[in-house]
1. Using Cβ contacts closer than 10 Å as the measure, can you line up A:99, B:212 from fewest to most?
2. Working from Cα positions, state the angle (0 to 90°, nearest 10) between the long axis of helix A:284-307 and the longest principal axis of chain A.
3. Defining a contact as two alpha carbons under 8 Å apart and six or more residues distant in sequence, what relative contact order in percent does the range A:5-307 show?
4. Given the C-alpha atoms of the range B:259-394, compute the convex hull and give its volume per residue in Å³.
5. Taking the Cβ of each residue in B:329, A:117 as the centre, tally the other Cβ atoms inside 10 Å and list the residues starting with the fewest.
6. Using all alpha carbons of the range A:200-247, what is the percent of pairwise distances in each 5 Å bin, ordered from the shortest bin to the longest?
7. Taking the simple approach of a point 7 Å from Cα along Cα-to-Cβ for both residue B:231 and residue B:397, what is their distance in nm?
8. Measure nothing but the geometry: give the 0 to 90° angle between the long axis through the Cα atoms of A:194-206 and the longest principal axis through the Cα atoms of chain A, rounded to 10°.
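Computed from the coordinates by the stated procedures, all read-outs in this text should not be read as laboratory data. Please read these numbers as outputs of a predicted model, since none were measured by experiment. Positions of Cβ are backbone-derived with ideal geometry, glycine not excepted, and every protein chain shown enters the neighbour counts.
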């Protein structure tokens, strides 16, 4: 039977309450869905960032499962060592349990500083899932731009000013790059659809080899949105086709959700403080170009899914 | 001394000897990346994996940063874990060196000493490991391939000792030792395997019934206590190194201590040195002794923890000392071995005059004539009672 919320809610908590993430933060949901998606034991790693600093303040921890944090850029490499240890000890008969492995990182720790470590781990074929919680900037250090930051976004290193219009570049399409690694499973998910996220995590854990999930996880502070709007904003990102939900299984692309009524990027962006400056007179061209790019990417995705 | 273990004498390079030690130690995981002059170690070890001679999971990572990161992950998971590197590779690991030691993981890593860039150079000096001297790793240096082999085997026991739980670097001079062929005496596989025993850590990550959070955020209320405990482990390491050395001597007949002295007991002038240069110096000392000059040497094996008290006692009777550094610290007051040795001698009742020679950078040869020059300078210092300068550069065009 496919996973549903009732089943997910009945499983033991693997990430406890009492962590210190902001009210309305998206990533505790990501952790709960990913860790709850399977019943087998899981060992988790995490890059330095909000997730790690709010959940493991010594002598406390929110992790009810074995957890390791090493540094910022090496969540994937660290987990590849843990997984290698497991393979070795299992081969020697020193471990007989079926253990699964997941490495988490934010977009800074995944798209940017941890990109090489991630690429290496995926190419080597470790039996692990990598989950990027993408909130579109370096939120832990106070909202600096990353290569996941969307064009036009105000961040503290691409501030909207008298001349500056926010980030000048479009975001990097990381899921496409990971699919190009030829690994068995790549998917894009969102905290806007928790069941879809949990089902993808379950699939990711059950493939033979590496899997990558990119999960849109809005940051209420960095995006400048109300604390109770994070899931709605994430859902609308998908309805705007800015963040399509798709999966790539053994090279076969599938779009999981096609919005019946596509939301205009203007309608999505205007709810977020980070795009406020784009609605000042004179910035219409930037908003038009952003819409055109989102449309182009969506068409390219549909084409990939049809061609497969 | 009765020696119990049978030994096999064969011609090996330093890299081959270290790879053989790794095969006999039989680590659960090796994660490594090629870099000259270390590359051969991981090549040879890979062939052991490919031929089924070891059960090791070999992780051919995409950088040294990931090599150390994966090694930390594997060691924390509950696997005996190793990597190997040189120079820039060690520099790329830098951040994670501190995490390995701060996490008290008993990783053993051979480092084939090579000059750090820039300018780029692939030959021997100690700038790589000396730069990592404050990273919380135990540093064992080797004079030749035999010592590199013996240090590797002892390093496992030192690192994993419950009083220590710190990572160990086993350093050997690039090309001079790593690629030089020598007769090396290897122990039987079973003797090594019994000596190193099995790997155990207190809270392995893979113990899923007893979950642990590894590498948490450690703030103003606990970080200092953890660092204090780490400092204490390094203090305790000294006795452990001596104990393991004694135990190893019972097997092999060769005793390893914190340092080796050569004709030092009645020496009036002495040099302090690290690595392969000690072999050259011994020849020169014999020559000088035959001329009636009371020359001696102290060769440092253990640089971290630094055996300051023992070095002070060993050198306190000497009139003039030259410390030979195969690395400059660019402090304007000489190399790291000079700073440490000079500080150790501060409390001597009769402080010797101590000078420093920086030599051999980027693989520049050091020969008998150069070492003779150092002793001639020392004799002049002894006779005049005066140091001309603290820091000298040996064998360089000025």
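1. Working: A:99 20, B:212 17.
By the 10 Å Cβ count, ascending, the order reads B:212, A:99.
2. 40 degrees
3. Values: 602 pairs, mean separation 47.8, N = 303.
Once divided by the residue count of the range A:5-307, the mean separation gives 16 percent.
4. Values: hull volume 13.4 nm³, N = 136.
Each residue corresponds to 98 Å³ of Cα convex hull volume.
5. Numbers: B:329 18, A:117 32.
Neighbour counts put them in this order, fewest first: B:329, A:117.
6. 5, 19, 22, 18, 15, 12, 7, 2, 0
7. 4.7 nm
8. It is inclined by approximately 40 degrees.
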